[in-house]
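Trainee: Here you go, one structure.
The values are calculated or read from the model by the stated rules, or taken from the named source; none is laboratory data. No experiment lies behind these values; they were computed from the predicted model shown. All Cβ positions, glycine included, derive from the backbone under ideal geometry; neighbour counts span all protein chains shown. All accessible areas refer to the heavy atoms of the entire protein, side chains included, with ligands and DNA or RNA removed. Shrake-Rupley method; radii C 1.70, N 1.55, O 1.52, S 1.80 Å.
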Amino acid sequence: MKIIITAISRKTTEPQLKELFAEYGEVTACNLVLDKDTNKSKGFGFVEMPNESNAKFAIKKLNNRTVNDRRIRVKIARNK
């Protein structure tokens, strides 16, 4: 299941994001979206978890959690 995380602090790194979700199950991919010019975080990213029930539990537990002084938003990513 693909999960989108928004309102991420610019201080948060990809390994930190992966570690946060790994508490709830296997993480097969973690991508923090970076600005191409500055190489700094755009404040959102994606995590993929193969087990749907673990992913839904992670969403429930991590949505609105404060990470690096920012309250993150976590939900199922929708395909465009």
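Trainee: Please identify the pairs in which a residue from segment 47-69 that is farther than 11 Å from Leu20 by Cα has its Cβ atom under 8 Å from the Cβ atom of a residue that is open to solvent by 80 Å² or more (accessible area, probe 1.4 Å) and assigned to a helix (DSSP H, G or I), counting only partners at least 6 apart or on another chain.
Mentor: Asn68/Gln16
Trainee: Just need a number here: residues in segment 56-80 that are surrounded by 15 or more Cβ atoms within 10 Å (Cβ to Cβ) and touching a helix residue (DSSP H, G or I) at 6+ places or on another chain (Cβ under 9 Å).
Mentor: 5
Trainee: Does Ser53 fit the bill of being out of contact with any helix residue (DSSP H, G or I) (no Cβ under 6 Å at 6 or more places or on another chain) and open to solvent by less than 70 Å² (accessible area, probe 1.4 Å)?
Mentor: no
Trainee: Name the pairs whose Cβ atoms lie under 8 Å apart, with the first residue in segment 18-37 and free of Cβ contacts under 8 Å to residues at least 40 places away in the same chain, the second acidic (Asp, Glu) and not in a strand (DSSP E or B), and 6 or more positions between them or separate chains?
Mentor: As it stands, the answer is Cys30/Glu14; Asn31/Glu14; Leu32/Glu14, since those pairs meet every condition given.
Trainee: Looking at (1) of a type outside the set (Lys, Arg); (2) modelled with pLDDT under 95; (3) open to solvent by 50 Å² or more (accessible area, probe 1.4 Å), can you tell me which one Glu26 breaks?
Mentor: (2)
Trainee: So, in segment 27-41, how many residues would count as being more than 11 Å from Ala58 (Cβ to Cβ) and assigned to a loop (DSSP other than H, G, I, E, B)?
Mentor: 7
Trainee: Those residues that are in a loop (DSSP other than H, G, I, E, B), modelled with pLDDT of 95 or more and open to solvent by 60 Å² or more (accessible area, probe 1.4 Å), I need them from segment 1-23; list them, please.
Mentor: Matches in segment 1-23: Glu23 only.
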